[in-house]
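*Asks:* The following block contains the structure, expressed as structure tokens.
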């Protein structure tokens, strides 16, 4: 008997988000789905793990071919709970994290809980995809994201894949026909600069809201994900986890040459 | 009049940790210190940022050449609060994050709040160092970490530095004389596997504690940080933030060649 494919799904906006429903609907076209998402929104949680607190797991839905749980932790906790506990010993064919409400292009990959989970998924010997729509609207239209997400999932499941494989996929806002196609790109150089807004609580204590703006360090570079998105392409950046700056090995080595 | 150097200090164990006192003592040898650390321990917080909550800033100490604050956020929030609010427009000579209680070698760089802050610091046009002692003991002896930390800070401040520069420094346990020197290394390949321990709360609800083990994917590779630490060297890994997997650009490109 042919084994159904098994897809593990998570996100960072929490199990109740619209994008989570969208990604589950897409994933079910490819096999059985086990989904564990954070109990509460976890945007900006990066690759954070829970060390000081216990984790509560709650069953949201359980039927043939679909199980949905929520976990009182981070997106990475959800992946670990999935692979190291719930699915321990079972072969998983694919991890999908998303569909995120908001862009994870450029340096956002470092802050994103969606991508934190996708990266974590790639540590478990199966391909991993982080999928984001570049709109923070909680009622965003995920039609095009689902369409392109499906094409990318099919390409990964049916293609010649070299492991480890982790893809950071971002979809521009707009209808399917408005999007010009899929571009494989590199991560745009850039950073965020923040502004802090001071307010006062009813106890006369100051507090701050942080809000930022992305500074694109190379707006004209056509091989970057920011360029692709601003020109209405879906961006696909393959992601790896070695953060060593090999270009600095020599110069840093000379700083400690006497040791 | 000669301007004093300005060192920005943060950590992930919180302002009350022993390692934070140790790093401030070390940093003061080089100039004026402004330190903002999390109000509460933030280990494992990676490069997380606070999006949904306001941030409270509290003055812990303020005297000539030394200011210490706590912030109700993540380590990265502390860096952003420092550079984009408190020190806005001032030249900062160095960021130091630590001294962390526990190793941030190998793939720990991805989960570490200490390194999240150090990486964030490198976005602000000054060199940045994450400094960790590979002991989780809250009363750990930081003598050797301070000694080697001081040597590395001096090398960075006095040396020919190519920017951006971010160093992930880990110090083995032991006295100064037991440590064999400083080695510039690359990040060890590997990953964590977790175990989940189930308990029951007084309301009969199950919960889980997550605890893991690092799996070294290349224990014999002498150019890695894990090898250096296990052979009693201080490890220094230069860090960069482009997570693009350039080795996969071709194969992933072919998956979407028709687009």
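*Asks:* Can you pull the Rg over Rh of chain A, Cα-only, Kirkwood?
*Replies:* Using only Cα positions, Rg/Rh for chain A is 1.01.
*Asks:* Next question, about the same structure. Once the convex hull of the C-alpha atoms of the range A:56-198 is built, how many Å³ does it hold per residue, rounded to a whole number?
*Replies:* Expressed per residue, the convex hull around the Cα atoms of the range A:56-198 is 164 Å³.
*Asks:* For peptide A:90-98, what's the mean number of Cβ atoms from other chains within 10 Å of each residue's Cβ?
*Replies:* 0
*Asks:* Follow-up. Can you pull the mean other chain C-beta count within 10 Å for peptide A:78-86?
*Replies:* Going residue by residue through A:78-86 and averaging, the value is 3.
*Asks:* Label 7 Å along Cα→Cβ of residue A:2; the range A:157-195 residues with amide nitrogen under 16 Å?
*Replies:* Of the residues in the range A:157-195, A:157-159 have backbone N under 16 Å from the label point off residue A:2.
*Asks:* Points 7 angstrom from Cα along the Cβ direction at residue B:141 and residue A:147: gap in nanometres?
*Replies:* 6.7 nm
*Asks:* Over the alpha-carbon set of the range A:16-105, work out the extent along each principal axis and list the three values in angstrom, largest first.
*Replies:* 35, 31, 22
*Asks:* Where Rh denotes the Kirkwood radius from the mean inverse Cα pair distance, what is Rg over Rh for the range B:110-174?
*Replies:* 0.99
*Asks:* Which order do the peptides A:20-29, B:132-141 come out in when sorted by mean C-beta neighbours inside 10 angstrom, highest first?
*Replies:* A:20-29, B:132-141
*Asks:* Averaged across A:156-163, how many Cβ atoms of other chains sit within 10 Å of each residue's Cβ atom?
*Replies:* 3
*Asks:* From the label point of residue B:2, set 7 Å along Cα to the beta carbon, how far off in nm is each other copy's matching point, shortest first?
*Replies:* 7.7
*Asks:* To continue, here is another question. Only Cα pairs within less than 10 Å get springs; with that Gaussian network setup on chain B, which residue of B:224, B:211, B:188 has the largest fluctuation?
*Replies:* B:211
*Asks:* Shortest first, in nm, what separates the label point of residue A:242 from those of the same position in the other copies (7 Å along Cα→Cβ)?
*Replies:* For residue A:242, the other copies' label points sit at 1.5 nm, shortest first.
*Asks:* Would you kindly state how much longer the chain becomes between residue B:64 and residue B:177 on full extension, computed as 0.36 nm times their sequence separation minus their alpha carbon distance, in nm to one decimal?
*Replies:* Between residue B:64 and residue B:177, full extension yields an extra 37.2 nm.
*Asks:* When only C-alpha pairs under 8 Å and at least 6 residues apart count, what is the relative contact order of chain B, in percent?
*Replies:* With pairs under 8 Å counted, the relative contact order is 17 percent.
*Asks:* Sticking with this one: Pairs of alpha-carbon atoms within less than 8 angstrom and 6+ residues apart define the contacts here; what relative contact order does the range B:127-197 have, in percent?
*Replies:* In percent, rounded to a whole number, it is 46.
*Asks:* Taking the mean number of other Cβ atoms within 10 Å as a proxy for protection, how do you rank B:40-51, B:109-120, A:88-99 from highest to lowest?
*Replies:* Descending packing order for the listed peptides: B:109-120, B:40-51, A:88-99.
*Asks:* Also, I was wondering about something else. Given R₀ = 56 Å, FRET efficiency for residue A:254-residue A:211 by Cβ-Cβ distance, to 0.05?
*Replies:* 0.85
*Asks:* Here's a follow-up. Taking a label point 7 Å out from Cα toward Cβ, give me the nm distances from residue B:214 to the same spot in the other copies, shortest first, one decimal.
*Replies:* Its label point is 3.2 nm from the equivalent points in the other copies.
*Asks:* Can you compute the modelled spin-label distance between residue B:87 and residue B:231, with each label point 7 Å from Cα toward Cβ, in nm?
*Replies:* Result: 3.6 nm between the two label points.
*Asks:* Now a separate question. In whole angstrom, how far apart do the alpha carbon centroids of the range B:2-78 and the range B:79-152 sit?
*Replies:* 10 Å
*Asks:* Averaging sequence separations of C-alpha pairs under 8 Å and six or more residues apart, then dividing by the length of the range A:1-84, give the relative contact order as a whole percent.
*Replies:* 33 percent
*Asks:* Over all distinct alpha-carbon pairs, what is the Kirkwood Rh of the protein assembly as shown in angstrom?
*Replies:* Averaging 1/r across every pair of different Cα atoms and inverting gives 23.4 Å.
*Asks:* So what is Rg over Rh here for the range B:161-259, counting just Cα atoms and using Kirkwood for Rh?
*Replies:* On the Cα set of the range B:161-259, Rg over Rh gives 1.17.
*Asks:* Output the antiparallel fraction of DSSP beta bridges having both residues in chain B, as a percent to the nearest 5.
*Replies:* So the antiparallel bridges amount to about 40 percent of the total.
*Asks:* Per DSSP helix of 4 or more residues, -39500 (n - 2.57); summed, then divided by the residues of the protein assembly as shown. What does that give at 222 nm, rounded to the nearest 500?
*Replies:* The helix-only estimate for the protein assembly as shown comes to -6500 deg cm²/dmol at 222 nm.
*Asks:* Can you list the equivalent-ellipsoid semi-axes of the range B:190-229, largest first and in whole Å, using the square root of 5 times each Cα gyration tensor eigenvalue?
*Replies:* For the range B:190-229, the ellipsoid semi-axes come out as 36, 8, 5 Å.
Any read-out appearing in this document is the output of simple, stated calculations on the displayed coordinates, not a laboratory observation. A quick note: this is a predicted structure, and the numbers were derived from the prediction, not measured. Quick reminder, even Gly has a Cβ in these numbers, built from the backbone with ideal geometry, and neighbours come from all protein chains shown.
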